[in-house]
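The values are calculated or read from the model by the stated rules, or taken from the named source; none is laboratory data. Remember, predicted model here, so these are calculated numbers, not experimental data. Because the Cβ atoms are built from the backbone with ideal geometry, glycine has one as well, and the counts that use them run over all protein chains shown.
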Ligand SMILES: Cc1cc2nc3c(=O)[nH]c(=O)nc-3n(C[C@H](O)[C@H](O)[C@H](O)COP(=O)(O)OP(=O)(O)OC[C@H]3O[C@@H](n4cnc5c(N)ncnc54)[C@H](O)[C@@H]3O)c2cc1C
């Protein structure tokens with residue numbers, strides 16, 4: 001019988017393709033390198049230790065290591081020693097137990113959509129959780145999934161039953177584990193919170209190699225350290241996600257505002273009224289040097305019911321002559337962001353969160369100071385309306401004000417221009433400092449150079465919580481990925 005890896009390739013073929021198999025690799029405990037020769041097969045206490053048998057595959061070839069020294073940012077390239085494509089949760093546990101014993105550093109990885117090496121590990125092992133992709137069950141109010149499942153795959157399955165996760169991000173090609181490790185925010189956050197607020201239970205493998213089920217009522221400390229925990233205490237392997245009724249369609253009103261303060265003030269009112277299901281803002285640079293302020297306000301509906309356009313638009317302060325209305329089925333809308341990353345363009349994106357009304361002055365300054373650093377440097381600013389009281393997970397560091405805005409610069413640089421990347425990173429760092437100085441916070445998917453002292457600032461009063469959880473669940477500091485917090 002042919003044994004299948006989780007991505008469908010027969011294990012024998014995978015082994016042949018790489019010229020290695022887990023049984024033929026040993027770890028040299030003295031040098032910290034792998035041994036793949038016949039010596040490995042006869043490892044017997046000579047300083048070589050055989051690896052556990054994996055249900056999936058362990059890859060140490062140069063091409064795979066190069067592939068995992070990449071991410072959407074195309075800025076950081078940290079070569080791992082090896083990549084584990086697990087065939088089971090047991091594999092994740094086996095790898096972490098082995099890593100703890102030998103001081104190997106591990107990072108959990110989804111699809112690598114982060115921008116600054118957060119899912120990379122220098123001279124350690126990447127565990128590619130995206131290979132675990134079983135949807136175990138979907139009931140009327142909950143999905144039980146391996147977290148390697150992408151949100152688009154989950155949504156496709158839930159929509160068949162007229163259901164959806166309450167909070168989606170703009171782009172939905174990330175893994176469930178990838179966004180639960182950071183937060184997961186989008187145009188629904190002002191009503192539903194972040195994706196981490198809509199999780200009922202997790203299964204995680206701690207840095208100590210323990211498989212633990214945790215929730216608000218069961219090992220809450222671990223649950224809260226895993227959600228938005230950047231993979232620092234545990235690798236998330238499975239999650240129970242809340243589901244709600246999905247609409248068949250959404251009508252989106254594209255509202256243009258003469259200035260940003262008018263738009264943000266309007267947004268705070270709309271949040272309180274719960275007038276729309278979806279709200280997202282943009283500042284878009286124009287060729288004449290001016291910026292346009294666009295608010296997308298969406299209303300869910302399922303025919304034969306129809307949104308009442310007049311009621312939804314009543315009393316708004318947009319430039320009405322510029323109004324455009326789009327009406328789409330919900331699946332098309334949820335998939336509106338597609339990425340083509342084949343050109344390998346650097347993406348020095350930054351994501352912050354600012355209190356209202358400080359956001360107005362902050363964006364105004366950005367509009368005056370954000371300049372192209374190279375020919376072909378394209379950028380826009382994204383604004384995500386938030387009601388921070390809906391955020392319930394301590395490691396998700398939003399401003400504790402009544403209203404706040406997620407702020408992101410989506411930037412596309414031409415490939416091969418290191419000087420331009422350096423300038424963009426310096427600008428990001430400046431914005432990080434200014435934002436924190438204004439009572440804002442950082443959403444840690446960004447390309448910003450941070451030191452340990454910055455992480456302490458970032459977590460503020462919650463830093464001790466993370467330190468305690470780390471000491472308890474990952475005392476060997478095995479989970480030591482990109483952010484370099486510990
Ligand atoms: C085009 C685009 C649009 C985006 N839009 C949004 C948006 O609207 N809202 C939003 O919130 N984000 C957005 N993001 C950011 C994205 O959601 C995050 O970067 C997310 O973490 C990426 O998921 P991933 O599966 O690719 O994870 P990766 O990039 O592989 O990993 C991200 C981080 O999570 C950790 N991690 C991953 N899986 C696990 C796991 N199972 N257990 C423990 N730790 C793990 C990694 O170690 C790393 O630190 C966008 C990104 C892109 C490229």
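Data for the structure
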quantity: Yes/no for residue 183 being within 12 Å of the ligand (Cβ to nearest atom), in a loop (DSSP other than H, G, I, E, B) and either at negative phi or free of Cβ contacts under 8 Å to residues at least 60 places away in the same chain (or both); calculated: no
quantity: Of residues in the range 219-262 being more than 24 Å from residue 164 (Cβ to Cβ) and part of a strand (DSSP E or B), the one nearest to the chain's Cα centre (by Cα); calculated: 235
quantity: Residues that are outside any helix (DSSP H, G or I) and buried (at least 19 other Cβ atoms within 10 Å of the Cβ), drawn from the range 151-165; calculated: 163, 164, 165
quantity: Residue match in the range 6-17 (condition: modelled with pLDDT under 65 and within 23 Å of the chain's Cα centre (by Cα)); calculated: yes
quantity: Filter result (touching a residue at least 12 places away in the same chain (Cβ under 8 Å), more than 13 Å from residue 233 (Cβ to Cβ) and in contact with a helix residue (DSSP H, G or I) (Cβ under 6 Å, 6 or more places away or on another chain)) within the range 460-486; calculated: none
quantity: Count of the range 468-486 residues which are crowded, with 16+ Cβ neighbours inside 10 Å and more than 16 Å from the ligand (Cβ to nearest atom); calculated: 1
quantity: Where residue 225 falls short, out of the listed (1) within 22 Å of residue 358 (Cα to Cα); (2) within 16 Å of the ligand (Cβ to nearest atom); calculated: (1)
quantity: Residues of the range 415-441 satisfying the condition of being out of contact with any strand residue (DSSP E or B) (no Cβ under 8 Å at 6 or more places or on another chain) and surrounded by fewer than 15 Cβ atoms within 10 Å (Cβ to Cβ); calculated: 415, 416, 418, 419, 422, 426, 430, 433, 437
quantity: Residue list for the range 204-218, filter: away from the ligand (no atom under 11 Å from the Cβ), within 17 Å of residue 96 (Cβ to Cβ) and not in a strand (DSSP E or B); calculated: 208, 209, 210
quantity: Residue among 170, 197 that is more than 15 Å from residue 242 (Cα to Cα), in contact (Cβ under 8 Å) with a residue 60 or more places away in the chain and within 14 Å of the ligand (Cβ to nearest atom); calculated: 170
quantity: Members of the range 458-486 that are within 18 Å of residue 92 (Cβ to Cβ) and assigned to a helix (DSSP H, G or I); calculated: 473
quantity: Wholly within the range 346-447, strands (runs of 3 or more DSSP E) carrying at least 1 residues that are in contact with a helix residue (DSSP H, G or I) (Cβ under 9 Å, 6 or more places away or on another chain), touching a residue at least 40 places away in the same chain (Cβ under 8 Å) and away from the ligand (no atom under 16 Å from the Cβ); calculated: 350-355
quantity: Candidate set from the range 339-373 (those that are at pLDDT 95 or above and more than 30 Å from residue 261 (Cα to Cα)); member that is surrounded by the fewest Cβ atoms within 10 Å (Cβ to Cβ); calculated: 345
quantity: Selection from the range 86-118 of residues that are free of Cβ contacts under 8 Å to residues at least 40 places away in the same chain and crowded, with 21+ Cβ neighbours inside 10 Å; calculated: 91
quantity: Members of the range 450-459 found to be surrounded by 14 or more Cβ atoms within 10 Å (Cβ to Cβ) and either in contact (Cβ under 8 Å) with a residue 12 or more places away in the chain or within 16 Å of the ligand (Cβ to nearest atom) (or both), listed by number; calculated: 450, 454, 455, 457, 458, 459
quantity: Hits in the range 268-302 - residues which are within 21 Å of residue 327 (Cα to Cα) and part of a helix (DSSP H, G or I); calculated: 270
quantity: Selection within the range 237-255 - over 30 Å from residue 218 (Cα atoms) and crowded, with 17+ Cβ neighbours inside 10 Å; calculated: 247, 249, 250, 251, 252, 253, 255
